[in-house]
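Nothing in this text is a laboratory measurement; each read-out follows from the coordinates by a stated rule. None of the values given here were measured: they were computed from a predicted structure. In this analysis, Cβ positions are derived from the backbone assuming ideal geometry, glycine residues included, and neighbour counts consider all displayed protein chains.
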Protein chains: 2
Amino acid sequence: MTAKNAFYAQSGGVTAVINASACGVIEAARRHKDKIANVYAGRNGIIGALTEDLIDTSQESDAAIAALRYTPSGAFGSCRYKLKSLEANRREYERLIEVFKAHDIGYFFYNGGGDSADTCYKVSQLSEAMNYPIQAVHVPKTVDNDLPITDNCPGFGSVAKYIATSALEASYDVRSMAKTSTKLFVLEVMGRHAGWIAAAGGLIEDQGMPVVILFPEIEFDQERFIARIKDSVERHGFCTVVVSEGAKYPDGRFLAEQGTRDAFGHAQLGGAAPVVANLVKEALGYKFHWAVADYLQRAARHLASKTDVEQAYAVGQAAVELALEGHNAIMPTIRRIGNDPYRWEVGEAPLAEVANVEKFMPRDFISADGFGITPACKEYLVPLIQGEDYPPFHKGLPAYVTLKNAPVAKRLEAPFEL
Amino acid sequence: MTAKNAFYAQSGGVTAVINASACGVIEAARRHKDKIANVYAGRNGIIGALTEDLIDTSQESDAAIAALRYTPSGAFGSCRYKLKSLEANRREYERLIEVFKAHDIGYFFYNGGGDSADTCYKVSQLSEAMNYPIQAVHVPKTVDNDLPITDNCPGFGSVAKYIATSALEASYDVRSMAKTSTKLFVLEVMGRHAGWIAAAGGLIEDQGMPVVILFPEIEFDQERFIARIKDSVERHGFCTVVVSEGAKYPDGRFLAEQGTRDAFGHAQLGGAAPVVANLVKEALGYKFHWAVADYLQRAARHLASKTDVEQAYAVGQAAVELALEGHNAIMPTIRRIGNDPYRWEVGEAPLAEVANVEKFMPRDFISADGFGITPACKEYLVPLIQGEDYPPFHKGLPAYVTLKNAPVAKRLEAPFEL
């Protein structure tokens with residue numbers, strides 16, 4: 001078997017550890033030069049493949065690739081660009097195959113969430129139909145933790161650790177201030193449809209902090225919410241609220257709705273925290289503070305979960321190994337073996353069962369009143385935030401890497417209009 | 001000389017390292033039991049003294065006190081309660097002296113910013129006038145870095161490190177996303193009147209990140225701001241904005257004004273980031289993300305500056321030593337001896353020169369165009385964020401301490417109405 005090239009691309013919102021997966025893919029590929037000649041990365045995700053804008057990762061030193069393990073964000077650029085259905089835009093898929101053919105690419109590693117699992121699956125199907133077989137392996141990544149089959153998604157553990165730590169630290173702060181000043185602290189977190197990230201805020205309860213969580217899965221009941229806050233402040237002197245950006249009124253409107261939409265047609269959110277804080281202020285008069293963590297939470301590599309980093313690396317590495325074993329249209333997964341101590345291994349799932357399936361919080365992870373998490377949820381979450389894995393620092397700041405990202409010479413004459 | 005008791009209280013907004021100062025005070029006092037019998041802490045700051053609600057710190061183990069060094073927030077509670085002028089409310093000052101007398105308190109350590117330096121100074125003056133001499137020493141603390149004479153304020157270095165790190169991480173993130181999605185990231189930071197915290201965002205420029213800073217010291221010029229963002233996005237593909245909560249329109253209105261005021265009569269702010277982001281969206285159409293760090297930035301002990309922790313501890317310890325040497329109406333300061341390598345020592349300043357003086361950013365620390373920081377500013381800032389000083393973690397979260405805070409039995413009959 002002659003060596004083929006591999007294509008690797010990052011898709012959708014980036015995370016603190018998606019580059020650890022890239023590191024796993026590239027380091028594994030470099031150990032198998034007899035089978036994988038070079039890894040070409042898509043500049044800005046799948047757009048790089050469509051426009052034949054490929055990055056030659058062989059130009060990067062081993063040290064630079066190793067530094068990806070502790071560098072947040074997408075080192076090659078990501079994109080929000082969803083390929084249409086095969087029927088609606090077959091031309092895009094055919095173009096991908098043409099580019100792969102032109103650059104002798106035999107492996108397609110796509111690192112993303114549900115949308116990209118779908119793309120990966122279609123590429124694998126079409127490549128067979130077009131008689132240029134490509135082994136397509138999806139590398140799971142999403143802070144939203146909403147992919148099916150895998151026990152958890154790389155990227156989530158670090159956000160969960162960041163949100164739980166931040167909520168804990170802010171709760172210490174508001175507890176100090178509550179006597180004469182702030183009694184309510186509201187932290188807005190990501191999670192458009194699934195409340196996994198918000199759930200992480202519930203972990204501070206075991207540290208004695210009163211916390212109320214607003215999940216996207218639970219309709220916002222203003223009256224019960226206000227009563228809950230009042231009770232907490234009367235008993236503890238203060239209250240912390242963790243609100244998901246996806247929290248909704250009973251009529252389906254987001255608390256945070258801004259009226260704009262992103263490239264995938266999803267409503268662009270932001271601003272549930274001030275809405276919630278002002279509701280409480282009006283009803284109860286409490287002084288409040290609010291924070292919106294936004295990108296800080298998913299970029300916070302300085303506080304990554306060691307477990308998450310190890311899993312992100314492992315699924316990248318496993319993707320290469322699975323491809324070399326001849327697997328196709330597959331995704332490496334995290335399989336939980338035990339909780340105490342936590343043990344896990346890499347499993348695998350067929351993409352046909354992954355694509356376009358969203359995993360929500362099970363109802364038994366949310367407390368009966370809808371404002372907290374259950375012991376079962378804590379048992380699920382705690383292992384995922386275990387361990388610290390600090391990046392090196394230089395002059396007081398994390399010493400993250402920026403790659404050279406040298407282009408691969410184009411081989412196709414025709415440009416491609418997106 | 002018979003041993004007297006000491007009173008210690010925390011005032012105003014708490015920080016990631018104000019408890020490190022408490023640790024310095026209490027550990028130093030414990031080394032001098034012949035002179036300081038016990039340290040009584042005010043529950044919720046000066047209110048604890050007024051209402052004779054004192055905490056017996058001798059009930060806390062050495063290990064618990066040592067843990068204060070890595071625990072954010074105010075362990076004894078802080079307060080926003082500004083004593084009126086001596087003329088307007090002499091009764092409050094007299095009550096303080098009565099409580100101090102009743103509990104044989106000979107040392108007053110007040111840990112706070114400009115307002116509390118003023119209170120500390122007045123207590124020292126009145127105690128002399130009332131013939132019950134108290135040695136009053138102010139322990140500097142403020143994330144705003146706006147106290148005079150001292151080269152910098154404990155609390156600031158850790159916020160600066162947090163903001164620079166967060167802005168760096170978010171810039172990596174937006175750089176990855178910019179091709180098809182977010183081109184503008186706006187981070188709102190604290191600093192009501194002085195732009196020191198916002199300035200820390202300027203440190204990411206040396207890591208290749210385009211950043212525009214909106215200082216409270218510089219009138220917001222919308223047209224020039226929009227032009228600056230456009231230029232940055234055209235040249236780099238994206239831009240990061242760090243906006244101070246104190247940024248103002250030319251007519252003096254805060255960008256963030258919410259119309260409410262706190263107990264000190266200061267306008268309560270929050271929300272400059274979405275205002276700025278929407279201005280850019282309207283003018284240039286760029287997709288944006290924004291974050292408001294709020295309490296997260298000043299509570300983030302997990303990312304404290306080692307230099308800051310050491311200085312916070314040192315000024316607490318020095319306060320006790322200065323008092324034992326017979327000093328009064330004084331504040332320990334940080335004196336910079338050299339930059340390369342950074343060297344510092346503890347100095348001292350008379351409270352008469354500290355109280356009610358605010359230190360703003362020098363104009364030569366802000367770039368000519370008003371949107372960035374100068375090399376002189378970087379030279380000032382970089383040493384303050386040096387070093388990491390991670391707290392211990394347990395089950396994935398920082399293992400911060402919560403003290404017992406046992407009350408001291410009251411000795412006065414009359415209660416006191418605040």
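A Förster distance of 60 Å, applied to the separation of the beta-carbon atoms of A:ASP369 and A:GLU413, puts the FRET efficiency at 0.40.
Of all residues in chain B, the one whose Cβ lies closest to the rotation axis carrying B onto A, together with that distance in whole Å, is B:VAL292, 2. The relative contact order of region A:193-346 comes to 13 percent, based on Cα pairs under 8 Å that sit 6 or more residues apart.
By the Cα gyration tensor, region A:1-62 has an equivalent ellipsoid whose semi-axes, rounded to whole angstrom, run 20, 15, 9 from largest to smallest. Normalising the average separation of contacting C-alpha pairs (under 8 angstrom, six or more residues apart) by the number of residues puts the relative contact order of chain B at 23 percent. Amide hydrogen proximity for B:ILE366: with H placed 1.01 Å from N in the peptide plane, the residues at 5 or more positions away or on another chain lying under 5 Å are B:THR374. Taking only the Cα atoms of region A:272-385, the radius of gyration and Dmax are 19.5, 64 Å. Remark on A:GLU388: its backbone amide H falls under 5 Å from those of A:LYS306, a criterion applied only to residues 5 or more positions apart or on other chains, H modelled at 1.01 Å from N.
Report, in debye and to the nearest 20, how large the dipole of chain B comes out about its Cα centre when Lys and Arg carry +1 and Asp and Glu carry -1 on their Cβ. So the magnitude is around 720 debye. Taking the 0 to 90 degree range and rounding to the nearest ten, how far is the long axis of helix B:18-30 tilted relative to the main principal axis of chain B, both from C-alpha atoms? Approximately 30 degrees, to the nearest 10. Sequence-ordered 3J(HN,Hα) estimates for region B:387-402 from the Karplus curve with 6.51, -1.76 and 1.60 and θ = phi - 60° stand at x, 10, 8, 5, x, x, 10, 9, 6, x, 10, x, 9, 7, 9, 10 Hz, glycine and proline given as x.
The order of B:MET177, B:MET190, going from fewest to most other C-beta atoms within 10 Å of their C-beta, is B:MET190, B:MET177.
Taken along the Cα-to-beta-carbon direction at a fixed 7 Å, the label points for B:GLN222 and A:GLU87 span 4.8 nm. Ranked from shortest, the separations from the 7 Å Cα-to-Cβ label point of B:ALA63 to its equivalents in the other copies are 4.3 nm.
Exposure proxy for A:PHE108, A:PHE156: other Cβ atoms within 10 Å of each Cβ, ordered fewest to most, give A:PHE108, A:PHE156. Treating only the Cα positions of region A:63-183 as identical point scatterers, give the base-10 log of I(q)/I(0) from the Debye formula at each q in 0.10, 0.11, 0.19 Å⁻¹. For the requested q values the scattering log ratios are -0.49, -0.56, -1.11. Note on chain B: Kirkwood radius taken over Cα pairs, Stokes-Einstein applied at 4 °C and 1.567 mPa s, translational D equal to 58 µm² s⁻¹.
At a Förster radius of 45 Å, what calculated FRET efficiency corresponds to the Cβ-Cβ distance of B:ARG336 and A:GLU325, to the nearest 0.05? Could the numbers behind the result be given before it?
Details: r = 61 Å, r/R0 = 1.35.
Here the calculated transfer efficiency is 0.15.
In loop segments of region A:343-418 as defined by DSSP, the GluC sites (Glu not before Pro) with at most 16 further C-beta atoms inside 10 Å of their C-beta are A:GLU358, A:GLU413, A:GLU417. For peptide B:156-168, the mean count of partner chain Cβ atoms within 10 Å of a residue's Cβ comes to 3.
Give me the orientation-averaged projected area of the Cα convex hull of the protein assembly as shown, in nm², one decimal.
35.1
In terms of overall dimensions, the C-alpha atoms belonging to region B:1-106 reach 42, 36, 17 Å along their principal axes, ordered largest to smallest. Note on region B:156-301: dipole from Cβ charges, positive end direction compared against B:LEU255, B:LEU284, B:ALA170; the farthest Cα belongs to B:ALA170.
The 3J(HN,Hα) values that the Karplus relation (6.51, -1.76, 1.60; θ = phi - 60°) gives for region B:156-173 are, in residue order, 6, x, 6, 5, 4, 5, 5, 5, 5, 5, 5, 5, 5, 5, 5, 5, 4, 5 Hz. Gly and Pro appear as x. Where the alpha-carbon atoms of region B:156-301 are placed on the principal axes, they occupy 46, 35, 21 Å, in descending order.
If the segment from A:ARG30 to A:ASP231 were pulled out straight at 0.36 nm per residue, it would be longer than the present Cα-Cα gap by 66.5 nm.
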